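Data first, discussion second: the structure below is written as structure tokens.
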Amino acid sequence: MKPQEFWDSTYRQVSIYMQTHLIKVVDDLKREINLQEAVTNKMIRADSMSKRPKIVLIRDSYKELFREEEEKIMSPNEIKRRMREVMNEEKNK
């Protein structure tokens, strides 16, 4: 969202945009954690110093990030659909 679009948007539009952005940031963080974990595990296994390496999962440090939410969070497709509805409502006014 560009600054001009932000100032011209309604509260609802900004809220939806922020929710979408937050979901994207969390997904990027999860993806990065999974990638780092895979690389780290391969490096530990490749180390020939230990025959039985102890692997500590990075995901265990971020349990709250990977747990399944009991409350419903909107999917990116649902947010896109709602954002389009809002934009169409604004055009029709």
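The values are calculated or read from the model by the stated rules, or taken from the named source; none is laboratory data. Because the structure is predicted, anything quoted here is derived from the model rather than measured. Here Cβ is always computed from backbone atoms with ideal geometry, including for glycine, and neighbour counts include all displayed protein chains. Note: areas computed on protein heavy atoms with side chains; ligands, DNA, RNA excluded. Shrake-Rupley method; radii C 1.70, N 1.55, O 1.52, S 1.80 Å.
The magnitude of the dipole of the chain, with charges of +1 and -1 set on the Cβ of Lys/Arg and Asp/Glu and taken from the Cα centre, is near 420 debye. Residue-wise HN-Hα couplings along segment 8-15, as the Karplus relation 6.51 cos²θ - 1.76 cosθ + 1.60 with θ = phi - 60° gives them from phi, are 8, 8, 7, 4, 5, 5, 5, 4 Hz; Gly and Pro carry x.
Here LYS42 sits with roughly 150 square angstrom of accessible surface, probe radius 1.4 Å. What the Cα convex hull of the chain gives, in volume per residue, is 128 Å³. Along the axis of the charge dipole computed for the chain (Cβ charges of +1 for Lys and Arg, -1 for Asp and Glu, origin at the Cα centre), the listed residues SER75, VAL56, VAL25 are led at the positive end by VAL56. When a 1.4 Å probe is rolled over the protein heavy atoms, the share of accessible surface on the chain that falls to carbon and sulfur comes to 54 percent.
Using the Cβ-Cβ distance between ARG59 and ARG12 with R0 = 35 Å, the FRET efficiency computed as 1/(1 + (r/R0)^6) comes to roughly 0.50. Spin-label model, MET1 to GLU85: label points 7 Å out along the Cα-to-beta-carbon direction sit 1.8 nm apart. Accessible area per residue was computed with a 1.4 Å probe on protein heavy atoms; LEU65 scores about 40 Å².
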